[in-house]
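Written out below as structure tokens is the structure these notes cover.
Read-outs: derived from the displayed coordinates by stated rules, not from any lab. Predicted model, so just to flag it, every value in this text is computed and none were measured. Cβ coordinates were reconstructed from backbone atoms using ideal geometry, including for glycine residues, and neighbour counts include every protein chain displayed.
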Amino acid sequence: MQKEIFNYDNKIVRNFAIATAIWGIVGMLVGIIVASQLFEPYFNFNSKYVTFGRLRPLHTNAIIFAFIGNAIFMGVYYSLQRLTKARMYSDALSKIHFWGWQLIIVAAAITLPLGITTSKEYAELEWPIDIAIALIWVVFGWNMFGTIYKRREKHLYVAIWFYIATFITVAMLHIVNSFALPIGFLKSYSWYAGVQDALVQWWYGHNAVAFFLTTPFLGLMYYFMPKMANRPVYSYRLSILHFWSLIFLYIWAGPHHLLYTSLPGWAQTLGVIFSIMLIAPSWGGMLNGLLTLRGAWDKVRDDAVLKFMVVGLTAYGMSTFEGPMLSLKNVNAIAHFTDWIVAHVHIGALGWNGLLTFAILYYIIPEIYNVSIYSKKAVSSHFWLATLGILFYAIPMYFSGFTQGLMWKEFTAEGMLKYPNFLETTLQIIPMHMLRAFGGTLYFIGAILMVWNLFKTAKSGSLVSDEQAEAYPLVKEKVVEKGIHWHRWIEKRPTQLLIFSLIAVSIGGIVEFVPTFLVESNVQTIPHVTPYSPLELEGRDIYIREGCNNCHSQQVRPFRSETVRYGEYSKSGENVYDHPFLWGSKRTGPDLARAGNISSKMYKDAGWHYQHMKDPRITSEGSIMPAYPWLIEDDGDYSNIEEKIQAMSTLGVPYEDGYENYALEDLYIQADSISSFLRNEKGIQVDKDKEIVALIAYLHKLGRDINVK
Amino acid sequence: MGKMIGFVDGASVFLIVALMIFLIVFIAVAFYLLIMNKETVAEVAALPLEDNIR
């Protein structure tokens, strides 16, 4: 049999590499800006488009989907061609994939600062962009499977299994979590409400970490670590066990993001148990990667690229040990809502994803330009800048997290909260936030150095767009292999591997969702909790637009420290009309679940809210919250309140029949009463049309129904 | 959302069946790994190292 000569498409790899570098720089720069906003509100620049609430989702989306997303595609397109000994299935699909993904990122960069958001973390993009993501993801899968089907290598190496699992699981997560009812071109309401929405969102959110930030990178690690170390993976057997255990167990762990909330206890317990079980496959993968270097550790001393891999894998091991520990309820009680979680995710993002991406870029660019790296010294400097940056980032954030968690819970000997004013706990951690921004800046400077080095490397060589390779064609077996083990059989069959992976990742979701969606006792209703009035609904949409949920939670946990500070703990029945839920995941500011409950210490009158939104420093000296003067200046757009009420009715919110016809009238009656109160009681002249009036109406709805007897 | 039902009879079976499936697959895969041919393992593990034919 004669060998076939064919070409690898390096141009698409180069394009994704460029996109990785550019979006990485953009995402990190936005990260430094948002980090600075948390110690100096001046950095909100008094502009509605760049407040923390709007920029934070831009930062997370830019890093996850733009920087890391493009890095995944770069690594997959490079390694898949070589592992299958085939050029990508279609150059046209490769181009559609590349440009489609970049357009989605640009759409995100435009819509998020404009306040066009669903509010669901890491899934903030509105429905037309969601559809575009699904289509482009299918193009990626089509191209990947087309390549696999026309391969010249019979066996599917374990890296490809991880790519297949990534493809199918991300598709499933994205489609299920994005179910929404559109009420206009760029506005929709989540199909799910309250506790059910929270469960679906954190099933998605946790598994976005698992199947976008972890499994594709494990696949890349299984390819690039042996390449860089020039030796096979430590244990191929372990990699197989690692794969199946990881994809099955990961999907169950989402509820650990909702401990002590009103999610049913059994679902929380499942989240904890599976999180602990996850240590085994996660560490199996990490050790398999590190032990690949056995007998070659001397290379690590001289090769900065291997250093990136080693520290990246170590960061993976640290965060996959810390994650399960954070899911223990006693640890979570202190850590949740604090900067501890921020430190944890950044060990993963900066350490695991960032350092592996840098290593892969340093490996791929010289390879496809057929040249050596321009400056090894610069690679080494980058490594130390990145490592120091991570340390300067994470250590202050751990201190900050411990400080916050403990201050929130501390009582005096007399049984009073030692720090009853939430702001005291915020001001205490300002120096930590400054250090964190410094750490992020070091990491950013390192990335700039890398871009310069890679640019110079590319300039010193020329791109081998179509890299020639040769391999024997794959002969289709006509004879059925008898006695072959079922797993050996599946290792050569991508479709079956896809189906088995889908089954493995579906089980956890089904077991958690079915009872929560079907069984009444899991979401108990409260008779006197009423739907939002039209003005409150508009105020809620302003709250979502401004991204208030990025800093304020709406979930009082059943701890004495929280019920004393905020009021009665939250119940699932309070949120049955919340499309989407707005529980948040971080308390940069205090919880607002009882902001409208007159018996709560959190209750403030309309005059206070007016002044606070105009400039938070008027009511709360030293506050780091941005000012929102445009809420006072801008008129609310209530032109589609009819559609909003209709949409809510479609989703099951019990407005009376035909209510949408006089919703606007009701809206202005309520707006007039707030405006009159401000004028008559506080001497504040504010027109009833202004956005601030709607926002005050919404804040005064939060927790109000709990007091009704 | 659709109307919810009062309870699902034997709902706990869901979890037990799910765990059983995992355990059976885990044990079956582990057994396969034990009996896997050494040459096959070595051959497959070396795949990333033989791809650059240039």
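Under the classification rounded if a/c is under 1.5, otherwise prolate if a/b is larger than b/c and oblate if not, where does the stretch A:164-286 fall, given a ≥ b ≥ c as square roots of the Cα gyration tensor eigenvalues?
On the way: a/c = 3.65, a/b = 1.68, b/c = 2.17.
Since a/c reaches 1.5 but b/c is at least a/b, the shape of the stretch A:164-286 is classed as oblate.
Suppose we keep just the alpha-carbon trace of the stretch A:622-709; what are its Rg and Dmax in angstrom?
15.2, 48
From zero up to wherever the largest Cα-Cα distance of the stretch A:230-369 sits, split into 5 Å bins and tell me the percent of pairs in each.
Using 5 Å bins, I get a P(r) of 2, 10, 15, 18, 18, 14, 10, 7, 4, 2, 1, 0 for the stretch A:230-369.
Set the bar at 24 Å for Cα to Cα. Now go through A:614/A:688; A:3/A:476; A:227/A:492; A:571/A:614; A:48/A:120 and name every pair that lies beyond it.
Details: A:614/A:688 16 Å; A:3/A:476 16 Å; A:227/A:492 22 Å; A:571/A:614 32 Å; A:48/A:120 20 Å.
From A:614/A:688; A:3/A:476; A:227/A:492; A:571/A:614; A:48/A:120, over 24 Å: A:571/A:614.
Give me A:158, A:106 ranked fewest to most by other Cβ atoms within 10 Å of their Cβ, as a rough exposure proxy. Walk me through the intermediate numbers first.
On the way: A:158 25, A:106 11.
By the 10 Å Cβ count, ascending: A:106, A:158.
Given +1 on the Cβ of Lys and Arg, -1 on the Cβ of Asp and Glu, and no further charges, what dipole in debye does the stretch A:323-441 carry about its Cα centre, rounded to the nearest 20?
Working: 6 positive and 5 negative charges, 48 e Å.
Charge dipole of the stretch A:323-441: 240 debye, to the nearest 20.
Residues of B:36-45, mean number of Cβ from any other protein chain within 10 Å of their own Cβ, rounded to a whole number?
Partner-chain Cβ atoms within 10 Å, mean over residues of B:36-45: 5.
Using a simple charge model, +1 on the beta-carbon of Lys and Arg, -1 on the beta-carbon of Asp and Glu, nothing else, what dipole does the stretch A:9-508 show about its Cα centre, in debye to the nearest 20?
Rounded to the nearest 20 debye, it is 1360 debye.
Per DSSP H run of n ≥ 4, the term is -39500 (n - 2.57); total these for chain A, divide by its residue number, and report the mean residue ellipticity at 222 nm rounded to 500 deg cm²/dmol. Numbers along the way, then the final one.
Numbers: 29 runs with 428 residues, N = 709.
Helices in chain A give a 222 nm mean residue ellipticity of -19500 deg cm²/dmol.
For the stretch A:484-566, what ratio Rg/Rh do Cα atoms give with a Kirkwood hydrodynamic radius? The partial results should precede the final answer.
On the way: Rg = 22.7 Å, Rh = 18.4 Å.
Here the Rg-to-Rh quotient is 1.24.
Residue-wise, which Karplus ³J(HN,Hα) couplings in Hz belong to the stretch A:382-395, taking 6.51 cos²θ - 1.76 cosθ + 1.60, θ = phi - 60°, and x for glycine or proline?
Karplus-based 3J(HN,Hα) across the stretch A:382-395 equals 4, 4, 6, 4, 5, 5, 5, x, 5, 5, 5, 7, 6, 4 Hz.
Arrange A:408, A:489 by Cβ neighbour counts within 10 Å, fewest through most, would you? Show your work: numbers first, answer last.
Numbers: A:408 22, A:489 11.
So the residues, fewest neighbours to most, are A:489, A:408.
Nearest 10 degrees, 0 to 90: what angle lies between the long axis of helix A:215-229 and the longest principal axis of chain A (Cα atoms)?
Helix A:215-229 and the main axis of chain A meet at about 40 degrees.
Using only alpha carbon pairs under 8 Å that are at least six residues apart, calculate the relative contact order of chain A and give it in whole percent. Walk me through the numbers on the way to the answer.
Details: 1175 pairs, mean separation 123.5, N = 709.
Over chain A, the number comes to 17 percent.
What is the average number of partner chain Cβ atoms found within 10 Å of a Cβ in A:231-240? Can you show the working numbers first?
Working: counts 3, 9, 6, 1, 3, 10, 8, 1, 3, 7.
The mean count of partner-chain Cβ atoms within 10 Å per residue comes to 5.
If each of residue A:377 and residue B:38 carries a label point 7 Å out from its Cα toward its Cβ, how far apart are those two points in nm?
4.9
Apply the Kirkwood formula to chain A: the hydrodynamic radius equals the inverse of the mean of 1/r over all pairs of different alpha-carbon atoms; give it in Å with one decimal. Walk me through the numbers on the way to the answer.
On the way: mean 1/r = 0.0374 Å⁻¹.
So the Kirkwood estimate lands at 26.7 Å.
May I ask you to sort A:301, A:557, A:540 by Cβ crowding, counting other Cβ atoms within 10 Å and putting the fewest first? Don't skip to the answer; put the middle values down first.
On the way: A:301 9, A:557 21, A:540 25.
Taking fewest neighbouring Cβ atoms as first place, the list is A:301, A:557, A:540.
What is the angle, in °, between the Cα long axis of helix A:304-326 and the longest principal axis of the Cα atoms in chain A? Nearest 10 is fine, range 0 to 90.
So the helix axis and the longest Cα principal axis differ by about 40 degrees.
Compute the long axis of helix A:534-545 from its Cα atoms, compare it with the longest principal axis of the Cα atoms of chain A, and write down the angle in degrees, 0 to 90, nearest 10.
So the helix axis and the longest Cα principal axis differ by about 40 degrees.
What number do you get for the stretch A:534-707 when its Cα radius of gyration is normalised by 2.2 N^0.38 Å, N = residues?
On the way: Rg = 16.0 Å, N = 174, 2.2 N^0.38 = 15.6 Å.
Dividing the Cα Rg of the stretch A:534-707 by 2.2 N^0.38 Å gives 1.02.
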